[in-house]
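**Student:** Please find one structure pasted underneath; my questions will follow.
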Amino acid sequence: MKRRSWAEPYKIKMVEPLRMLSKKEREKAIVEAGYNTFLLRSEDVYIDLLTDSGTSAMSDRQWAGLMLGDEAYAGSRNFYHLEETVQNIYGYKHLVPTHQGRAAEHMISKILIKEGDFIPGNMYFTTTKLHQEMAGAKFVDVIIDEAHDPNSEYPFKGDIDLNKLQALIDKVGADKIPYVAMATTVNMAGGQPISLKNLKALRKLTQKYGIDIVHDMTRVAENAYMIQQKEEGYQDKTVAEIVKEINDLTDHATMSAKKDALVNIGGFLATNDPNVFQEARNMVVVYEGLHTYGGLAGRDMEAMAIGIKESVMDDHQRARVGQVQYLGDLLLKAGVPVVKPIGTHGVFLDAKAFYPHLSQDEFPAQTLAAELYVDSGVRAMERGVVSAGRNKETGKHNYPKLELVRLTIPRRVYTQAHMDVVAESVIDVYENAKNAGGLKMVYEPKYLRFFQARFEKL
Ligand code: PM9
């Protein structure tokens, strides 16, 4: 039978008009924003690919769910719906809701880490690593080497190098490693999945030493879709079945529901350990709110419960990841340097390859994100030396091998025509790359500097 194209498994019921500033206005806006796309006003953006976090379009079911919000202070029915959904779809026993992912990271780090511990992980994530450090641990990257190479086509660049992990255990001792931080998919590597084969081997090794696995499940359904597409033996399994299999190999999970779970706000900490649950339930009342709402409205929890169910549907993931792959393919065909293979939540431009004439001290990825905005009003995010921050001990910049700009695709928001426009602009910026000058940082905040740092042209 002839293969047909895929199409989105939904139709559009409501639209939000877009506005495009003139080039002159965009030039002014980026200077006012200190060449930091986080500091632009969203009204000044044409196509917003800053992040897929909290930017997805909710379904009519989710919007209807908002009206079922039970805004009682304690014991809201929406909490019980969410709890049941987390147990049934994700398979974790205990749930503590939070207002977003980093609040869950804060709690699990404080509960499990002692001063002087080490946390190995499959590449760092900005907020995750900061909370580990603030709780007294040192993060150690144990992802496979391929993940640091934008040109490696290895299909599971989120895999953990078990030799690196074993070497760390031998060096510092298992009692200094409370858990391995394992993310599905790996954001900073380009939205790259981990394989189930690797995860099973990881579980075996950690069990031998009594080390837990904390799962950053922010994009677990996207990871599951990639396993279904690429890992031997999983072609006949559903995304939902694979999600469950992944989660069953882990002990605790932190979730930013603003991604996979299709809501504009929300997150949670989930665990199978009753002691960790008790601690988290106690801690959440200090930082977030009562354990049956954790900083969320009842309606938010309802939308999340429905979004979780939608997120594990195969046709949803086919269209979601399919759209990202579509944009990636346009750029690959044009010879634009991007991280390969194309990941699940965005296309990552290789800023070092765009601007070989700029050193990392001149912030090539920050420069590229600003150039792209000026060219077309498309907003992207720096994921390079600015995001990597400074070494806690030496105070020097961390220089990551990957100096990237992320074109992040919100779920169910933009069309294929938007992707075409984005690709045209990126190709133009690439063609003019040799004319770009770098930036200098003129304001640097203490924490997560990429959000608020300001730059000027060199
Ligand atoms: N990710 C993103 O744009 C939003 C903020 S940028 C720091 O990719 C993972 C894998 C994430 C993530 C947020 C969080 C934190 C944890 N893990 O933003 O606090 O991608 O809900 O989640 C962003 P919250």
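**Student:** Consider Tyr414 carefully, then state whether it is hydroxyl-bearing (Ser, Thr, Tyr) and free of Cβ contacts under 8 Å to residues at least 60 places away in the same chain.
**Tutor:** no
**Student:** What's the total number of residues in segment 188-226 that are under 19 Å from Ile409 (Cβ atoms) and either touching a helix residue (DSSP H, G or I) at 6+ places or on another chain (Cβ under 9 Å) or away from the ligand (no atom under 11 Å from the Cβ) (or both)?
**Tutor:** The qualifying residues number 14.
**Student:** Output the residue which, of all residues in segment 196-219 that are free of Cβ contacts under 8 Å to residues at least 60 places away in the same chain and buried (at least 23 other Cβ atoms within 10 Å of the Cβ), is nearest to Gly267 (Cα to Cα).
**Tutor:** Residue satisfying both the conditions and the ranking: His215.
**Student:** Of all residues being modelled with pLDDT under 95 and among the charged types (D, E, K, R) in segment 387-416, which is farthest from the chain's Cα centre (by Cα)? Just the residue, please.
**Tutor:** Result: Glu393.
**Student:** Tell me which residues, restricted to segment 127-182, are touching a residue at least 24 places away in the same chain (Cβ under 8 Å), within 16 Å of the ligand (Cβ to nearest atom) and assigned to a helix (DSSP H, G or I).
**Tutor:** Scanning segment 127-182 gives Thr127, Thr128, Leu130, His131, Gln132, Glu133, Met134, Ala147.
**Student:** Does any residue in segment 441-458 that is over 16 Å from Glu362 (Cβ atoms) come within less than 8 Å, Cβ to Cβ, of a residue that is exposed (fewer than 15 other Cβ atoms within 10 Å of the Cβ) and modelled with pLDDT under 95 six or more places away or on a different chain, and which pairs are these?
**Tutor:** none
**Student:** Can you name the condition, by its number, that Leu68 falls short on among (1) part of a loop (DSSP other than H, G, I, E, B); (2) closer than 18 Å to Asn282 by Cα; (3) of a type in the set (A, V, I, L, M, F, W, C)?
**Tutor:** (2)
**Student:** Among the residues of segment 96-118, what is the count of those that are within 16 Å of the ligand (Cβ to nearest atom), surrounded by 21 or more Cβ atoms within 10 Å (Cβ to Cβ) and outside any loop (DSSP other than H, G, I, E, B)?
**Tutor:** 11
**Student:** In segment 247-290, how many are touching a residue at least 60 places away in the same chain (Cβ under 8 Å), of a type outside the set (Gly, Ala, Ser) and within 16 Å of the ligand (Cβ to nearest atom)?
**Tutor:** 16
**Student:** Quick one: count up the residues across segment 5-46 that are assigned to a loop (DSSP other than H, G, I, E, B), closer than 11 Å to Gly377 by Cβ and not hydroxyl-bearing (Ser, Thr, Tyr).
**Tutor:** Looking only at that region, the number is 6.
**Student:** Taking segment 46-76, which residues are within 15 Å of Lys13 (Cα to Cα) and either more than 16 Å from the ligand (Cβ to nearest atom) or modelled with pLDDT under 95 (or both)?
**Tutor:** Ala57, Met58, Ser59, Asp60, Arg61, Gln62, Trp63, Ala64
Okay, residues lined up against (1) in a strand (DSSP E or B); (2) of a type outside the set (D, E, K, R); (3) modelled with pLDDT of 95 or more:
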| residue | (1), (2), (3) |
| --- | --- |
| Val214 | yes, yes, yes |
| Ala221 | no, yes, yes |
| Ile227 | no, yes, yes |
| Glu232 | no, no, yes |
| Lys237 | no, no, yes |
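**Student:** So, one more: Among the residues of segment 250-286, how many are outside any loop (DSSP other than H, G, I, E, B), hydroxyl-bearing (Ser, Thr, Tyr) and touching a His at 6+ places or on another chain (Cβ under 7 Å)?
**Tutor:** Looking only at that region, the number is 1.
**Student:** What helices (runs of 4 or more DSSP H), lying completely within segment 356-453, carry at least 1 residues that are within 16 Å of the ligand (Cβ to nearest atom)?
**Tutor:** Values: elements: 364-376, 385-388, 416-431.
Result: 364-376, 385-388.
**Student:** Oh, and also: Have a look at Tyr399, Tyr355, Tyr287, Tyr373 and point out the one that is out of contact with any Pro (no Cβ under 6 Å at 6 or more places or on another chain) and under 25 Å from Lys157 (Cα atoms).
**Tutor:** Values: Tyr355 fails: out of contact with any Pro (no Cβ under 6 Å at 6 or more places or on another chain); Tyr287 fails: under 25 Å from Lys157 (Cα atoms); Tyr373 fails: under 25 Å from Lys157 (Cα atoms).
When all the criteria are applied, what remains is Tyr399.
**Student:** For segment 337-359, enumerate the residues that are farther than 26 Å from Lys237 by Cβ, surrounded by fewer than 21 Cβ atoms within 10 Å (Cβ to Cβ) and either touching a helix residue (DSSP H, G or I) at 6+ places or on another chain (Cβ under 6 Å) or touching a residue at least 12 places away in the same chain (Cβ under 8 Å) (or both).
**Tutor:** Pro337, Lys352, Ala353, His357, Ser359
The values are calculated or read from the model by the stated rules, or taken from the named source; none is laboratory data. Because the structure is predicted, anything quoted here is derived from the model rather than measured. Ideal geometry is used to build each Cβ from the backbone, glycine not excepted, and the neighbour counts take in all protein chains shown.
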